[in-house]
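Undergrad: Sharing a structure, written as structure tokens. Questions coming.
The values are calculated or read from the model by the stated rules, or taken from the named source; none is laboratory data. None of these values were measured; they are calculated from a predicted model. Reconstructed Cβ throughout: ideal geometry from the backbone, glycine too, with neighbour counts over all protein chains shown.
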């Protein structure tokens with residue numbers, strides 16, 4: 001702490017830089033002290049009061065949530081902010097609401113997890129924890145919250161004894177063929193065929209342009225994502241990849257390109273999956289709505305559009321391809337992600353393992 005003497009008045013003053021509620025640095029100055037000691041003492045009391053105010057009734061969890069969401073703008077990808085804000089507005093704020101953030105204890109965090117343990121998957125609970133922890137870190141930086149209690153509490157295991165992977169839904173080739181033969185629109189038909197036979201994410205597929213398709217090599221270059229509002233980068237660096245696809249995909253893509261050329265007249269390096277405007281991909285909810293419409297008329301297992309990706313992974317696994325190759329094909333961040341999601345689909349059961357070991361112990 002430092003005090004200064006005003007040469008004009010011979011009085012002492014102090015000035016300090018503090019962060020306001022928006023996280024910006026502002027200078028505060030107090031004048032008129034007869035002695036340096038008085039100025040220093042006043043500065044100490046001022047800083048103490050600022051800290052107490054930050055942790056006062058004003059700083060509810062809801063207030064921190066609002067500030068944190070505003071703070072995220074321009075610092076995170078829009079797609080990440082959208083997911084983050086859904087979690088904050090639909091789960092975290094309704095749960096903690098006006099509770100003072102400094103009064104939230106580890107038990108309160110544990111109660112949150114217990115409340116949703118049977119409603120959400122383990123991976124989604126991890127997402128909730130990551131967002132909540134980031135909010136507490138923000139409060140530590142801008143509101144002098146003493147510690148992040150979120151880090152002290154582990155997510156409990158589910159009582160059901162099921163693994164997250166068992167919730168993966170997928171279609172067989174026959175089930176997919178039953179679905180796809182009902183669709184006549186070339187845009188939707190080609191999109192679903194590409195998703196099922198390539199394993200691409202929906203946003204990756206919707207972002208594809210004609211230049212991303214190599215007709216001769218039967219490959220697709222995945223290098224961007226469509227989030228419904230604009231083109232963004234892929235989910236992770238390993239998601240940028242070139243994947244091989246079967247003939248059925250290439251043949252339908254060729255037919256779709258011809259269809260789009262006839263429709264738009266001038267159609268070169270434009271988006272593949274468009275409907276009204278060649279410069280804008282389909283909205284992200286359109287494939288979902290189309291799938292729901294046809295599923296309501298067919299006797300098929302109900303799945304999501306994203307489950308077409310799971311279906312592709314299931315086909316590759318059951319074909320005996322190594323996990324590493326499948327992980328690269330799907331664009332996972334690492335092989336552990338692939339193992340966590342799809343490990344249960346591998347055909348080697350405990351009985352098969354026992355049979356293999358028996359053969360080794362009883363060679364003939």
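Undergrad: Restricting segment 303-338 to residues that are surrounded by fewer than 14 Cβ atoms within 10 Å (Cβ to Cβ) and in contact with a helix residue (DSSP H, G or I) (Cβ under 6 Å, 6 or more places away or on another chain), which is nearest to residue 229 (Cα to Cα)?
TA: 333
Undergrad: Can you find a residue in segment 253-264 that is within 23 Å of the chain's Cα centre (by Cα), assigned by TED's automatic domain parsing to the domain that holds residue 182, in a helix (DSSP H, G or I) and in contact (Cβ under 8 Å) with a residue 40 or more places away in the chain? Break it down into steps so the answer makes sense when it comes.
TA: Of the residues in segment 253-264, the ones within 23 Å of the chain's Cα centre (by Cα) are none.
Within segment 253-264 (the criterion being within 23 Å of the chain's Cα centre (by Cα), assigned by TED's automatic domain parsing to the domain that holds residue 182, in a helix (DSSP H, G or I) and in contact (Cβ under 8 Å) with a residue 40 or more places away in the chain), the answer is no, since none of the residues qualifies.
Undergrad: Could you list, in sequence order, the residues of segment 341-353 that are surrounded by 10 or more Cβ atoms within 10 Å (Cβ to Cβ) and at pLDDT below 80? I'd like the intermediate steps shown before the answer.
TA: Let us first name the residues in segment 341-353 that are surrounded by 10 or more Cβ atoms within 10 Å (Cβ to Cβ), namely 341-346, 352-353.
Residues satisfying the conditions are 343, 344, 345, 346, 352, 353.
Undergrad: Could you list all residues from segment 224-237 that are surrounded by fewer than 17 Cβ atoms within 10 Å (Cβ to Cβ) and more than 15 Å from the chain's Cα centre (by Cα)?
TA: Correct list: 229, 230, 231.
Undergrad: Test each condition in (1) modelled with pLDDT under 90; (2) loosely packed, with under 12 Cβ neighbours inside 10 Å for residue 35 and report the one that comes out false.
TA: (1) is the only condition that residue 35 fails.
Undergrad: Further question: Among the numbered criteria (1) surrounded by 15 or more Cβ atoms within 10 Å (Cβ to Cβ); (2) in a loop (DSSP other than H, G, I, E, B); (3) touching a strand residue (DSSP E or B) at 6+ places or on another chain (Cβ under 7 Å), which one does residue 267 miss?
TA: So residue 267 meets the others, but not (3).
Undergrad: Now, a different point. Being touching a helix residue (DSSP H, G or I) at 6+ places or on another chain (Cβ under 9 Å), surrounded by 13 or more Cβ atoms within 10 Å (Cβ to Cβ) and touching a residue at least 60 places away in the same chain (Cβ under 8 Å) is the requirement here; does residue 71 meet it? Before the answer, list the steps.
TA: On the way: touching a helix residue (DSSP H, G or I) at 6+ places or on another chain (Cβ under 9 Å): yes; surrounded by 13 or more Cβ atoms within 10 Å (Cβ to Cβ): yes; touching a residue at least 60 places away in the same chain (Cβ under 8 Å): yes.
Judged against the criteria, residue 71 is a match.
Undergrad: Being part of a loop (DSSP other than H, G, I, E, B), within 18 Å of residue 187 (Cα to Cα) and in contact (Cβ under 8 Å) with a residue 60 or more places away in the chain: is that true of residue 284 here? Steps first, please.
TA: Working: part of a loop (DSSP other than H, G, I, E, B): yes; within 18 Å of residue 187 (Cα to Cα): yes; in contact (Cβ under 8 Å) with a residue 60 or more places away in the chain: yes.
Spelling it out, residue 284 is indeed part of a loop (DSSP other than H, G, I, E, B), within 18 Å of residue 187 (Cα to Cα) and in contact (Cβ under 8 Å) with a residue 60 or more places away in the chain.
Undergrad: Checking the condition surrounded by 20 or more Cβ atoms within 10 Å (Cβ to Cβ), more than 17 Å from residue 77 (Cα to Cα), assigned by TED's automatic domain parsing to the domain that holds residue 285 and touching a residue at least 12 places away in the same chain (Cβ under 8 Å), which residue from 220, 215 passes?
TA: Values: 215 fails: surrounded by 20 or more Cβ atoms within 10 Å (Cβ to Cβ).
The conditions single out 220.
Okay, residues lined up against (1) in a strand (DSSP E or B); (2) farther than 17 Å from residue 200 by Cβ; (3) without any contact (Cβ under 8 Å) to a residue 12 or more places away in the chain:
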{"residue": "249", "(1), (2), (3)": "no, no, no"}
{"residue": "280", "(1), (2), (3)": "no, yes, yes"}
{"residue": "294", "(1), (2), (3)": "no, yes, no"}
{"residue": "299", "(1), (2), (3)": "no, yes, yes"}
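Undergrad: Out of (1) surrounded by 15 or more Cβ atoms within 10 Å (Cβ to Cβ); (2) closer than 30 Å to residue 15 by Cβ, the odd one out for residue 79 is which?
TA: Looking at each condition in turn, residue 79 falls short on (2).
Undergrad: For segment 106-123, enumerate the residues that are in a loop (DSSP other than H, G, I, E, B) and either surrounded by 12 or more Cβ atoms within 10 Å (Cβ to Cβ) or at pLDDT 95 or above (or both). Give the steps one after another, and end with the answer.
TA: Step one: list which residues in segment 106-123 are in a loop (DSSP other than H, G, I, E, B), which gives 117-121.
Selection gives 117, 120, 121.
Undergrad: Still on this model: Consider residue 87 carefully, then state whether it is surrounded by 14 or more Cβ atoms within 10 Å (Cβ to Cβ) and either within 30 Å of residue 230 (Cα to Cα) or touching a residue at least 60 places away in the same chain (Cβ under 8 Å) (or both). Quick ask: steps written out before the conclusion?
TA: Details: surrounded by 14 or more Cβ atoms within 10 Å (Cβ to Cβ): yes; either within 30 Å of residue 230 (Cα to Cα) or touching a residue at least 60 places away in the same chain (Cβ under 8 Å) (or both): yes.
Yes.
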